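Notes follow the structure.
The values are calculated or read from the model by the stated rules, or taken from the named source; none is laboratory data. Note that the coordinates shown come from a computational prediction; the quantities given were computed from them, not determined experimentally. Ideal geometry is used to build each Cβ from the backbone, glycine not excepted, and the neighbour counts take in all protein chains shown. Just the protein is used for accessible areas: all its heavy atoms, side chains included, with ligands, DNA and RNA removed. Shrake-Rupley method; radii C 1.70, N 1.55, O 1.52, S 1.80 Å.
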Amino acid sequence: MNTVIAFIVIFGSLVFFHELGHFIFAKRAGILCREFAIGFGPKVFAHKKGETVYTIRLLPLGGYVRMAGEDPEMTELKAGQRIGVVFNSQGEAVNLIVNGRDRFKDARIIEVEKADLEHGLTISGYEEGEEELKTYPVHREALMTEDQLSTQIAPYDRQFNSKTLPQRAMAIFAGPLFNFILAFIIFVVLAMIQGIPTNEPELGEVINEGPAVEAGLQEGDRVVSINRESMASWEEIVTVIQENPEKELTFAIDREGDQLTVPVTPSAEEAEGKTFGRIGVYSPFEHSIVGSFTYGAKEVYNWTKLIFELLGTIVTGQFSIDMLSGPVGIYVSTDTVAQSGIMNLAKWAGVLSINLGIMNLLPLPALDGGRLMFFLYEAVRGKPVDRQMEGMVHFVGFALLMLLMIVVTWNDIQRFFL
């Protein structure tokens, strides 16, 4: 149950920050954001604040910000259509009722002749019982009600496609950007809490069980030499220990000015088909506020570089689909990391956040990177790609990604449970 909670909290936080990036920059550009959703499928929770509905949906496998103008949203009012209209005290239409007019006692029945709900914000028609054609102003935040569901209209200047290319690109790029920012924050906070790893030849925290504690080694001991070979860094200490599993090593240490000689026999550990030595000691740490920010930036850079190197195996032909992991694989890895403590679990969340940011920046249809590629093409070409064609490309890309997700998930199930 702890692993389930950890997985939901971590994955939910990553998705939340990703969508928060889209949401903040879309709002800054003046785009009407209809829904801020975590998850897909049926609604589990919904709360409307302002013009946005905040929802949590059943399948916690992603999220989205639904922006006005991206998809067909409302029924188009056609000539001859009879609708109910509710007006405010200024004579502006504030609710256009396509059906279910009987529930609105103050609605006036109008036979539509022409409606412009994007640019002119007017509706022309004949009011019931009258023969004179009248034109009525429509409020910028008017609702259109159909099947008891009310949707706020979106004037063209509130729609995604009305914005400048930089504004649209930033609204899309902000999602992955916020994943990198989240990872940076996590690494900085971790550095402030537990300290920054250093390369000094000293022992950090000694775990309760292991050769180090059995031999009497303590946190803060400075390793002068091992088997009379001087040690100048933590990396040198690790190398000697890993190369000598189940072989007695003689540690010469300095403990607060006292010179001690301690025999230690590393235990043998297996990893990736290799045997290496381990004594149960963490690296030394130092505390620095400024250094914590530097450490956070370095960790983001190092993990980003490593992930891109792994993606490079696709080009070199070393890539295998078995190298991919879906939600099941992430869950199993989360379970393993959770057993090593909350700090390692937090670091794992930072790594996953970077991974999510990079994956979304890949130039594949249906991903943020795919949309950014269309914007780049628009910048070079001087005009946008046909929206129907772009939508079809993203639809096909999404279908292929879902197919890949099914294959990866099945591989994870076979690998870990069958």
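Structure data summary
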quantity	calculated
Other-chain or far-sequence residues with amide H under 5 Å of residue 53's (modelled H)	35, 36
Convex hull projection area averaged over all views, region 218-291, Cα basis, nm²	6.2
Taking the convex hull of Cα positions in region 337-376, its mean projected area over all directions (nm²)	3.0
Size of charge dipole - the chain - debye, nearest 20, with Cβ of Lys, Arg +1 and Asp, Glu -1, no other charges	1220
Carbon and sulfur %, accessible surface of region 103-153 computed with the full protein complex present, 1.4 Å	42
Accessible area per residue in Å² at 1.4 Å probe, computed on region 188-316	62
Ratio of Rg to Rh over region 42-85 (Cα coordinates, Kirkwood Rh, two decimals)	1.12
Residue-normalised accessible area of region 62-167, given per residue in Å² at a 1.4 Å probe	56
At 1.306 mPa s and 10 °C, Stokes diffusion of the chain via Kirkwood alpha-carbon radius, µm² per second	61
Residue 55 accessible area, assembled protein chains, probe 1.4 Å, Å²	10
Three-way shape call for region 253-316 based on the alpha-carbon gyration tensor, with the a/c threshold at 1.5	oblate
Per-selection Kirkwood Rh - region 185-319 (Cα, Å, 1 d.p.)	16.7
Relative contact order (%) - criterion: Cα under 8 Å, at least six apart; region: the chain	14
Radius, Kirkwood style, for region 1-77 when every pair of distinct Cα atoms is counted (Å)	13.4
